Amino acid sequence: MALGAIREAIRRRKAAKKRGISGPRELWTHMRVFRCEVDACLAADEAELARLVRGGKYACVGKSHSYNAVQLCPGNSAVMMEESGLDTLKWRGNFDGGGIATVGASVTILELKQFLLTERQRLMNSGNYMGQTVIGALVTGTHGYGETPVMADALQSLTFLDDEGERVTLVRGSRDFNLAAVSFGTIAPIVEVEIRTVPLRSYLSTAHITRMSEKEGLKSGSVAASWAAMPYSDPEDPLIMLHTLHELGAKSQGSDHKPSWFSLAGFVNWALNHYWAIDRLYPVCRRWLHKFADGLDLRKKQTVTTRPDDLDYLYDPQPGAMSERGPEFLRGMFSTTNTAHNLAFFVPLERAEAVVKFIMLEAGKYSDLGFYLKSLIGVRELRGRSDLVFAATHDGPVAAIDLFSDPRDYAWLERIQREVMAYEPAARPHFGKSALGEHFRPALGEANLDDLFQLHRQHFPSRRLKFSEPVRRLLQVGRPTAGNSAADAMLALFGGKADRKRAA
């Protein structure tokens, strides 16, 4: 394991040396499960970007923060948007105390948040990975935490370059905008967006260790809620960790409770908060620890008033950015983001508890085969309804369910996803984390997907803009392209006439 970590560190160091330099490089997903060779291209400004899109086959890559292969287009020029010079960052106020931020394609969420602080503004919603580009997060449907369930719901307009390198602007309210706002690489490069911002404020952030059966009462009146079930606790009433945001002044439900460290409950409480290091080294211990904690029937509550100028208060209520606290080594060992493959999908909110229990029962069957879910089954409640066609909440409130495994076991997560989709046909994809394919077409709407493809054809008739193989399968636009293993092995020769006609 130590040798593997050293090899990984060497690979990442070599990749870092190529950052900001055009030329061949290996591109990979967040946990390196999928990778390909690309010809990286950087654009100093929009004029140079226009020349790139007119020059040949290309795809656009933000921060490569996906767990599936949605951003990998082998054999093409990969325009590295975050490394380019499209760094527009402006803000204008409006009458309600909020405003509109104009954001370029190279700007990250962290950079936007830091800029907004100077205007005493914040995003209405944000994912917890602030290194990704703002536009990359928006167009892949990132669901965050806050008053709105999907980041792209705050979009007011978007501007992209068409086949000829000419600007096209779509404004909120039109059918084309509703298709393009979450378009997972089929409309690109998006060079600029306008996004709504709101004034800074504080919240009452409460964390519980409790039971699923007690969840509804504890989150009553919350602005936002997320929870995570321990996968090997009691499937009838799992042990969960619940996080809620309430308006300041909301009545606190009971006093904070933290068990004494010098007690059995205190030790288990510490283990629950920090057991990822053990979990990483000894996966078989997961069931034992979960069942032990389940038997103790723990309860815990901690309430914090968030600081309005804290960059990551939605996820981390403690003052200061989480990335600024604690040694890097410990954060890397304890964080599921850095040690686990992640697969996620959306199910109707009212079905969340049933789906979580179903996943627990399914995962329990695989332990004798050496597979264990990692850490927690995460559930983020996304309320309301979105006009954006491919947003998670287009058909109504949903739960974003996150599963984690050791990277070597990611295929088991795809198996569980297939089982969930058979159990709950209304499941919708998370475009950066689901195993994408044609099986999601009914939930997204056949007509909607066809409309997106026609919008793509309208603005990119030359077919120079490429999108990934998972997206091609989702849109049913033909056999694999050159550079993919299936195509290079000549399996693509068996495509039918209709496939060849529709091929992108």
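Where a number appears in this text, it was derived from the coordinates with a stated rule and is not lab data. Since this is a predicted model, take the numbers as computed values, not measurements. Note that each Cβ is placed from the backbone with ideal geometry, even for glycine, and that neighbours are counted across all protein chains shown.
Each label point was placed 7 Å from the Cα along the Cα-to-Cβ direction; for R92 and E414 their separation is 4.7 nm.
Past 20 Å, Cα to Cα: identify those pairs from K113/K466; K63/K113; K219/K301; K18/K90; K219/K291, in the order given. Exceeds cut-off: K113/K466; K18/K90; K219/K291. Here is the size of region 55-94 from its Cα atoms: Rg then Dmax, 13.9, 46 Å.
Per the Kirkwood treatment, what hydrodynamic radius in Å, one decimal, follows for region 61-160 from the mean inverse distance over all distinct Cα pairs? Don't jump to the answer; show the numbers that get you there.
Working: mean 1/r = 0.0701 Å⁻¹.
Over region 61-160, the inverse of the mean reciprocal pair distance is 14.3 Å.
Taking 0.36 nm per residue of sequence separation and removing the Cα-Cα distance, the K18/Y366 pair yields an extension gain of 121.2 nm.
Taking region 102-180, how much of its Cα-Cα pair set, in percent, is spaced more than 18 angstrom apart? Percentage above 18 Å: 43.
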